[in-house]
């Protein structure tokens, strides 16, 4: 193994985590009705609860989900590109960029979720955080050898 090269297990883990998150986020754009129904079930207690907002409200919720999904796809694309080469080579800035990005997202998204009364989203965010934190924590030493 090269001196600063990240072990394959952590690199592959981050690639898979990024792609899975990207695909899930893409479903918000490509499958808006399914996404609206599933998020309505989690956040409002029923897959049909969003209908209480009327047609205009449901259209707006689909729009917000689509925009959120598109932003997340773009974010995961950037993370994936960083992970594919500079992270794999053990470039310190790549680890710092991915870690900072995930932590900043988690803190602001979860904080806003809790403050807004949607703690279920913060729990979901915690699962995503753990998915990324395991390989980032495990690979930390690879970026400290220089």
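Read-outs throughout are calculated quantities, based only on the coordinates presented, and are distinct from any laboratory measurement. On a predicted model such as this, the values are computed, not experimentally measured, just so you know. Ideal geometry is used to build each Cβ from the backbone, glycine not excepted, and the neighbour counts take in all protein chains shown.
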Residue count, segment 21-32 (criterion: part of a helix (DSSP H, G or I) and either touching a residue at least 60 places away in the same chain (Cβ under 8 Å) or over 22 Å from residue 126 (Cα atoms) (or both)): 4
Residue list for segment 74-90, restricted to those being free of Cβ contacts under 8 Å to residues at least 60 places away in the same chain, more than 11 Å from the chain's Cα centre (by Cα) and either over 17 Å from residue 16 (Cβ atoms) or not in a helix (DSSP H, G or I) (or both): 86
Of the listed residues (71, 128), the one being under 19 Å from residue 24 (Cα atoms), under 11 Å from the mean Cα position of the chain (by Cα), touching a residue at least 60 places away in the same chain (Cβ under 8 Å) and assigned to a helix (DSSP H, G or I) is 128
